[in-house]
Every structure is written in C-alpha cells, then in structure tokens.
1. Output the number of residues of segment 231-266 satisfying the condition of being among the β-branched types (Val, Ile, Thr) and part of a helix (DSSP H, G or I).
2. Could you go through segment 350-359 and let me know if any residue there is within 16 Å of ligand 2 (Cβ to nearest atom), closer than 30 Å to HIS608 by Cβ and small (Gly, Ala, Ser).
3. Listed residues GLY113, GLY119; which is at positive phi and exposed (fewer than 14 other Cβ atoms within 10 Å of the Cβ)?
4. Which numbered condition trips up GLY314, out of (1) within 14 Å of ligand 1 (Cβ to nearest atom); (2) within 27 Å of ASP692 (Cβ to Cβ)?
5. Please return the ranges of helices (runs of 4 or more DSSP H) entirely within segment 390-502 where 3 or more residues are over 29 Å from the mean Cα position of the chain (by Cα).
6. Select from segment 300-339 the residues that are part of a helix (DSSP H, G or I) and either farther than 30 Å from TRP548 by Cβ or among the hydroxyl-bearing types (Ser, Thr, Tyr) (or both) and list them in ascending order.
7. Residues being over 36 Å from the mean Cα position of the chain (by Cα), within 18 Å of PHE95 (Cα to Cα) and in a strand (DSSP E or B): count how many of those fall in segment 32-65.
Amino acid sequence: MRDATPEQTPETVHLADYAPVPVTVTHLDVSFQLDPKATRVSSRLTCKRQGPGEMVLNGEGLKTLSVTLDGVPLDADRHTLGDRTLTLHDAPDEFLLETVVEIAPADNKALSGLYMSNGMYCTQCEAEGFRRITWMLDRPDVMATYDVAIDSDLPVLLSNGNERAAGVWHDPWPKPTYLFALVAGDLVATSDSFTTMEGKDVALNVWVRPGDEDRTAYALDALKRSMAWDEEVYGRAYDLSVFNIVAVDDFNMGAMENKGLNVFNSRYVLASPETATDADYANIERIVAHEYFHNWTGNRITCRDWFQLCLKEGLTVFRDEQFSQDQRGYAVQRIGDVMNLRARQFREDAGPLAHPVRPESFVEINNFYTATVYEKGAEVIGMLRTLIGAEAWDQGVALYFERHDGEACTIEDWLAVFEEAAERDLTQFKLWYSQAGTPRVRVTEHFSDGLYRIDLAQSVPPTPGQPDKQPMVIPLAFGLLDREGNEIRPTEVRELTTAGDSLTFDLAEKPVLSILRGFSAPVILEFDRPDADRLTLLAHDTDAFSRWEAGRVLAKDRLMRAISEDAEFDAGWLDAVATLAQDDNAEPAFRALALALPSEDDLAQSLHEAGIVPDPDRIHLTRRAAQMAVAERLANALPDLRAAMATPGAYSPAAEDAGKRALSASLLKLQTMRDGGAAARRVYDTADNMTDRMAAFACLLDVGDPDVAAQFEADWSHDRLVMDKWFMAQVAHATPVDAVGVAERLTKRADFDPSNPNRFRALIGGLTTGNPAGFHRADGSGYAFVTDWLLRLDPSNPQTAARMSTAFDSWRRYDADRQALVREQLDRMAAADPSRDLAEMVARMRAA
Ligand code: ARG
Ligand code: ZN
C-alpha cells in the first residue's frame with residue numbers, strides 16, 4: 001500500500017536541524033462542505049514572508065482541485081505539487097494562497113485528521129493530522145488565527161473559538177494547526193456556566209450522543225473544579241466565551257486539548273455509578289483537568305517543534321497531578337503516580353525504547369507520546385520545584401506566562417525563567433532532559449563512635465545511542481528516625497551532584513534513615529539494609545510515601561527470594577502486612593495500596609536486573625502463593641474487616657468512599673482465595689455500583705466461576721464501555737494456560753471490532769499487560785497472536801498498532817527460547833511492509 005517514492009521513505013527528523021519557516025501563515029479561512037466520501041475543504045491562507053527560501057506546505061492523501069495565489073491559478077513553473085508537499089518557488093512577501101481539496105472522512109480509519117465515528121464527524125490533528133485535511137504549514141511554530149465555516153445538515157456544528165453564526169466560528173487566539181478541531185453530528189449537550197476571576201462568563205457544554213446525557217455530570221463538575229483551581233493556584237483564567245467538550249467513541253488516545261473544543265475518548269467522559277468504576281471517575285477528573293490546563297500550558301504557550309513536546313506535556317501532567325493531590329489527598333495520589341511511573345516509564349527506560357525526556361530524533365512523532373515525555377517529564381518539573389523551592393518556582397512560572405504568552409517555546413526558554421527567578425545555573429539540571437535511563441543511587445550507612453555517615457553513589461545506565469552518562473543533579477529528601485520510630489530530624493533536601501558524596505551526623509546511636517521521601521527523584525535506590533529498619537519505617541515514618549515504600553521493598557524482597565531460592569514467607573513480614581491492613585489509624589486507600597504486592601512485570605524486571613532470568617509462570621504462581629499466605633494470616637478477620645469498609649448511602653465517587661471500596665476489593669480478593677468465591681458471588685449479585693461489581697467479577701473469574709461471564713454479558717451487552725471491561729477482564733483473569741485461547745475466542749465475536757481502539761486495547765492489552773504469564777507462554781502462542789493482530793490493525797490504524805507493539809519491549813529479559821520466539825515475530829513484522837509508525841518501533845526493538 002505504500003510505494004517507495006523518495007518522499008515516502010521514512011526519514012529521521014533531528015532536533016539539531018530545526019529552522020524557522022521562510023514564509024509563515026498568520027490567518028486561515030477555511031470552509032467545509034461535509035460529506036462522508038467527498039468533503040470539500042476550501043482554505044485561504046494569509047501568508048507572510050519572514051526570510052529567504054521556498055514555502056513548503058504539508059498535505060497527505062488530499063485530492064487537490066485548485067491552487068491560486070492572490071486569486072490567480074498558479075503556473076506550473078511557480079509551484080511543485082508533490083504527493084505530500086506543495087512547494088511555492090518564488091512566493092511574494094505577502095499574499096493569499098487559496099486551495100480547494102477533497103477528502104473522504106468515512107474512509108479514514110487511522111483516526112487522524114477528519115474522520116467519522118458513529119455517524120459524527122470529528123478531528124484529531126496532533127501531532128500531524130491537519131495535513132490530512134488541507135494544505136498548510138503543519139508545524140507548531142506556525143501560529144494563525146482561524147475563521148471556520150461548516151456546511152452540513154447535521155444539527156450540531158462545532159469548531160474552535162467563539163461561534164458567530166450557526167456553523168461559523170472565529171478563534172481570535174493564534175494557534176498551531178495541531179490545536180484545530182471540528183465536530184459535526186447529532187449530539188446533545190449538558191450545559192453549565194462559569195464566571196472567571198476576570199468576570200468573563202463562559203458557557204460550558206459536554207456534548208455526547210443522545211442516550212449518554214445522563215453520564216456527563218461528573219465530567220462537567222470536574223471541568224468547573226479545574227477552572228477554579230487553575231485560577232487559584234496558577235492565576236490562569238479561561239479566555240473564550242465557550243468551552244466545549246465532545247465525547248467520541250473511536251479515539252486513539254485519551255483526549256485532546258484543541259482550543260475551546262476538547263475532544264475526548266468517551267471512556268474519559270461518560271460515567272454513572274452503575275457503569276463506571278472509581279478508577280474511571282478518577283481518570284475522568286484527571287484528564288478533564290489535564291486538557292483544560294493545556295489552555296495555558298500548551299495552547300497560549302506552545303512548543304516550537306515536536307522535540308519540545310515535554311514542555312507542554314510534562315508540565316501539564318505535573319499540574320494535573322497537583323490538582324488530583326488537592327482533590328483526593330496528597331499521599332495516596334503520590335503513591336499511585338509513582339506506581340504508574342515505575343510500571344510504565346521505568347520499564348520503558350530499561351529497554352530498547354528508552355529515550356530522553358526531550359528526544360533528539362524521531363521518524364514518527366506519534367511514537368513519542370510516551371511515559372518518558374509525559375510522566376518522567378512531570379517528575380523533572382517536580383524536582384525543579386524541589387531544588388529551587390516553592391517561592392522561586394512560583395516566580396519562575398509567573399515569569400514564564402508573562403514572557404512567553406503567545407509564543408512557541410523551547411525547554412531553554414522554560415529553564416531560563418527559573419535560572420532568573422532562583423538565580424541559579426541549571427546547566428547540570430538540564431541533563432534530565434537529554435540523558436535517558438533511570439539513575440541508580442546506591443546508599444551505604446556507617447556508624448561508629450557517635451558518627452553516622454551516609455555514602456551516596458550515583459550512576460546512569462547506558463541506553464540506546466547513549467553509552468556514557470554524566471552525573472545528574474538528584475534531590476534527595478530525607479529524614480531520620482530513632483530506633484523506636486520517633487522522628488529526630490524532619491525532612492530536608494540534599495543534592496547529589498557528583499558520582500559520589502557523603503553526609504555525616506553526630507548521633508548517639510545509629511538512626512533509621514528515611515530517604516527519597518515523597519519520591520523526590522525518579523531514581524532506583526539500591527540500599528541493602530536490615531529488615532528491622534524497614535519495619536520501623538513501615539510502622540512509624542512520618543512520610544506516607546516512604547512508609548508505603550518500606551512495605552513495598554519488604555514484599556518485593558520476599559517475593560524475589562521465594563522465586564529465586566524457594567524461600568518461605570516469614571511470619572515477621574506477614575505480621576507487618578496484617579497489622580497495616582487492620583490499622584484503623586491509616587486511611588483505607590493507603591491500606592489498600594499497602595496490601596498490593598509488586599506486579600508480575602515489576603518482579604520480572606527486578607529479577608532481570610539481579611541477574612536472574614525471569615520465569616513468567618513461576619512469578620505468577622509465587623505471587624499467588626504470597627497472596628494466599630497473606631489471606632491465611634488474616635483469615636477469619638477478613639469478613640469483619642471488609643464489613644467495616646461498607647459505604648452505606650448513595651454511591652459517591654469521592655476519595656473517601658473510593659478508598660473504602662479499594663480496601664474492600666483487596667480484602668475480597670484475599671477472601672476469595674479461602675472461600676472459593678462465595679463472598680465474591682454475594683457481592684456480585686448485590687452490588688449497586690460498577691466498582692464493587694468489577695471487583696467481584698474479577699474474583700469470580702479467578703476461581704473459574706462457570707456462569708459469571710454470561711451473566712455479565714446478559715446485563716451489559718448493550719453498553720460498549722462496560723463491555724470493554726468484560727473483554728479485558730476475561731483475558732486478564734484467565735489462567736496463563738488458557739489466556740491466549742480465551743483471547744482468540746473473544747476475537748471471533750461479532751462485537752469484537754478491532755477498528756475501535758478501546759475494544760482493541762481491551763482485548764490485546766488484557767493479554768499483554770493484564771496477563772503476563774499468558775502473553776509470555778513458552779510455546780510462543782501469545783507472541784504470535786499479538787503479532788497477528790498488530791499486523792491486521794496496522795494498515796488502517798498505524799498509531800494504535802505501533803503503541804500496542806510496546807508489549808514486546810521487555811523481550812531481552814527472558815530466556816533464549818523466548819527471545820528467539822519474539823525475534824521471529826519482530827522479524828515477521830519488519831518483513832510485512834509495516835507503516836512508518838510500526839516500522840520505527842520494530843526497528844528500535846530489534847536493534848536491542
Ligand atoms: N495532547 C494530547 C494530550 O496530552 C495527546 C494527543 C496525542 N495524540 C496523538 N495522536 N499523538 O492529552
Ligand atoms: Zn497533554
């Protein structure tokens with residue numbers, strides 16, 4: 001399907017090659033005559049020269065009907081119309097360029113550009129989707145104002161900015177193409193309003209398909225809280241008279257911050273107690289906030305080029321994490337964010353796909369919307385704030401908004417405001433943007449004659465293209481406890497800036513060190529210490545993150561030794577776990593987190609790093625044995641403990657009740673290990689909300705309940721979002737031996753529509769992330785199954801195929817036989833003439 005004209009040969013783009021455009025576009029007038037198979041797009045670009053050179057416009061898959069310059073059709077010698085470029089050879093200093101093109105949104109299954117989903121038209125232009133709509137300079141440093149006219153019989157016609165007449169929109173804020181959006185369809189809105197601190201009235205609408213309007217309240221509420229929070233915490237107010245959110249069923253990512261018209265994957269908008277879990281509610285709150293916050297960090301101040309993606313994404317994730325901490329409680333939110341970072345970003349950093357927070361080259365930019373750019377990008381900002389202090393941080397951010405409003409910026413612009421505000425040189429700190437890999441910090445303690453010394457040593461492992469690393473600036477928040485667990489030194493931050501350093505203290509006895517409090521840096525701590533110290537921290541540390549971390553390290557240590565040397569689960573550890581589970585002074589949500597054992601993937605990575613080849617089946621069985629040991633230790637206490645977590649009254653998605661349900665679900669899982677599913681069956685049959693029902697469903701699948709899948713389906717087959725959960729849970733909770741078979745059987749159903757990314761991710765992700773022992777089956781059937789589906793999806797939707805291919809990025813951890821089986825599949829993908837997206841991912845994974 002892709003011919004190899006030189007223009008289409010994948011070419012690597014380099015940060016170092018950045019150059020501004022010779023001719024820019026300051027205003028865009030664009031009108032759409034919508035038709036599924038032949039949409040006509042007429043655009044008029046106001047162009048202005050800013051340097052010597054040709055103007056090269058981007059286009060992809062456009063049927064070009066006409067091109068005129070200042071009203072005159074272009075002569076053949078004044079332009080070249082290529083497959084993906086339109087070049088103007090001697091453009092004047094100022095001119096109007098008009099083009100008319102035709103596109104077919106109904107045939108667009110890549111979900112990039114203008115496409116159709118359930119009869120509605122919608123767009124996704126980030127990163128380079130606008131070129132699939134019309135000829136334009138499709139790059140973020142070209143910022144234009146827009147007038148948009150939409151001609152269609154559909155009742156609701158939306159675009160960016162303010163509406164001037166039906167289907168006629170004007171966006172006064174200059175923006176890059178990637179923030180353009182258009183929506184047209186038979187939609188209904190739930191509406192409200194918000195008055196900004198500047199006194200501006202803003203109409204708020206959440207647009208959904210008819211029938212979904214009773215599931216919009218929470219998203220709307222989250223939007224209002226986000227708007228208030230950004231005013232209060234960052235002094236940022238909204239700047240248009242309307243803010244629209246639209247829910248779309250077919251969407252490659254989570255959501256998109258188009259100016260004034262955010263488009264969302266419907267799973268991150270729609271929620272009711274009967275259909276959405278607490279985790280869904282938390283995600284909706286976070287993502288609504290994230291996209292809203294982009295209005296300032298991303299839209300008003302955007303990125304000069306795609307290498308600067310973390311400028312908007314890292315910062316906006318940092319802001320949405322702060323928001324969620326304020327809404328839900330600092331400790332639990334922070335622990336959850338760190339768990340997510342370790343599960344996705346540390347894994348990425350440890351494998352062939354490792355790249356810096358600011359990459360230096362790419363083939364397909366969509367492959368770099370990664371945990372490293374987003375989540376590590378947010379951690380880097382958190383460290384910056386820790387290093388310079390809250391006051392300089394606030395000043396620096398204020399200066400950033402003041403100085404760069406309306407501009408397309410770089411990481412250098414960003415760091416410069418903090419260098420000024422904090423009067424500090426950030427040259428070494430900047431390595432966090434350019435060096436990939438998770439730094440290791442080794443801690444060793446010495447105590448003698450009243451002197452306590454901590455030796456610190458850092459190293460950054462080699463990553464693809466970066467064999468040697470320099471020492472980083474690592475902020476280490478720490479405190480000291482005495483042997484009884486009383487805090488004798490409150491939290492302070494020391495900076496590790498060299499390969500090795502020491503801290504010394506005069507103390508009568510050896511203290512218990514609490515280090516990396518609040519996870520003050522995204523590093524891996526190597527700290528061999530007595531269990532007694534960890535138990536003291538678990539019981540007494542004042543820092544909730546560090547308390548939880550002590551428990552996690554204890555559990556991981558037990559599991560690693562049980563896997564590698566058949567060690568038993570000792571009573572000391574089980575007692576500590578049981579004590580915390582029953583500690584009424586601790587928040588239920590925290591107790592639930594403390595009961596969660598390290599994941600199978602986490603254990604596989606840690607074993608690999610310890611020089612042990614991980615055996616996925618053994619990891620799976622040992623982890624279940626550990627759960628069983630905890631269940632036996634709590635035994636008869638489980639029913640009462642769970643009863644104490646009841647949440648009487650109407651369902652509330654707020655953190656307090658959600659925390660109780662989370663603990664209750666953890667306890668139910670343990671109870672199921674002892675009663676074969678009796679308690680879970682009662683919960684399943686009586687649950688009045690999806691959180692409890694899903695928890696019970698998973699337990700019943702774990703014990704092989706023969707009826708529950710059919711019962712669930714009978715109740716929910718009409719609901720696409722709930723059915724995604726059904727698909728995923730069945731694969732994730734199948735036994736490792738059955739998992740591929742279950743997944744295969746489910747793909748044969750009429751309602752398995754691989755062109756819907758949510759459904760595809762539910763099923764394939766249910767195997768690759770939900771059931772690692774099933775995915776890594778020794779016969780290679782999991783690898784072959786996933787590859788079959790990636791290759792089926794890739795021709796129509798390369799973005800999602802490429803993203804899902806990351807399932808293979810950990811392949812070097814495993815034994816030679818499994819590696820050979822994965823290599824076979826990677827070779828098969830490489831040989832199948834894959835998309836540029838998938839080709840790049842496969843090439844990087846094969847190179848390892
Ligand atoms: N900017 C969006 C967000 O942060 C992500 C959109 C990315 N889309 C893509 N196709 N790469 O929420
Ligand atoms: Zn974002």
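1. Keep residues of segment 231-266 that are among the β-branched types (Val, Ile, Thr), which gives 233, 242, 245-246, 248, 263.
From what is left, the residues that are part of a helix (DSSP H, G or I) are 233.
Total meeting the criteria: 1.
2. Kept after step one, since they are within 16 Å of ligand 2 (Cβ to nearest atom), are these residues of segment 350-359: 357-358.
Pick out the ones that are also closer than 30 Å to HIS608 by Cβ and you get 357-358.
Still in the running and small (Gly, Ala, Ser): none.
Scanning segment 350-359 turns up no residue that is within 16 Å of ligand 2 (Cβ to nearest atom), closer than 30 Å to HIS608 by Cβ and small (Gly, Ala, Ser).
3. On the way: GLY113 fails: exposed (fewer than 14 other Cβ atoms within 10 Å of the Cβ).
Exactly one of GLY113, GLY119 is at positive phi and exposed (fewer than 14 other Cβ atoms within 10 Å of the Cβ), namely GLY119.
4. Unmet for GLY314, out of (1) within 14 Å of ligand 1 (Cβ to nearest atom); (2) within 27 Å of ASP692 (Cβ to Cβ): (2).
5. On the way: elements: 390-404, 411-422, 431-434.
In segment 390-502, 411-422 are the helices (runs of 4 or more DSSP H) which contain 3 or more residues that are over 29 Å from the mean Cα position of the chain (by Cα).
6. To start, the set of residues in segment 300-339 that are part of a helix (DSSP H, G or I) comprises 306-328, 330-339.
Selection gives TRP306, PHE307, GLN308, LEU309, LEU311, LYS312, THR316, SER324, TYR330.
7. As a first pass, look at segment 32-65 and keep what is over 36 Å from the mean Cα position of the chain (by Cα): 44, 46-54, 64-65.
So of that shortlist, the ones also within 18 Å of PHE95 (Cα to Cα) come out as 44, 46-54.
Subsequent filtering for residues that are in a strand (DSSP E or B) retains 44, 46-49.
Of the residues in segment 32-65, 5 are over 36 Å from the mean Cα position of the chain (by Cα), within 18 Å of PHE95 (Cα to Cα) and in a strand (DSSP E or B).
For (1) more than 16 Å from ligand 1 (Cβ to nearest atom); (2) over 21 Å from ASP738 (Cα atoms); (3) hydrophobic (A, V, I, L, M, F, W, C); (4) not assigned by TED's automatic domain parsing to the domain that holds PRO614, each residue gets a yes or a no:
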{"residue": "ILE764", "(1), (2), (3), (4)": "yes, no, yes, yes"}
{"residue": "PHE785", "(1), (2), (3), (4)": "yes, no, yes, yes"}
{"residue": "TRP789", "(1), (2), (3), (4)": "yes, no, yes, yes"}
{"residue": "MET804", "(1), (2), (3), (4)": "no, yes, yes, yes"}
{"residue": "PHE808", "(1), (2), (3), (4)": "yes, no, yes, yes"}
{"residue": "TRP811", "(1), (2), (3), (4)": "yes, yes, yes, yes"}
{"residue": "LEU821", "(1), (2), (3), (4)": "yes, no, yes, yes"}
{"residue": "LEU826", "(1), (2), (3), (4)": "yes, yes, yes, yes"}
{"residue": "PRO834", "(1), (2), (3), (4)": "yes, yes, no, yes"}
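The values are calculated or read from the model by the stated rules, or taken from the named source; none is laboratory data. Just so it is clear, the structure is predicted and the values come from calculations on it, not from any experiment. Backbone-built Cβ (ideal geometry, glycine too); neighbour counts: all protein chains shown.
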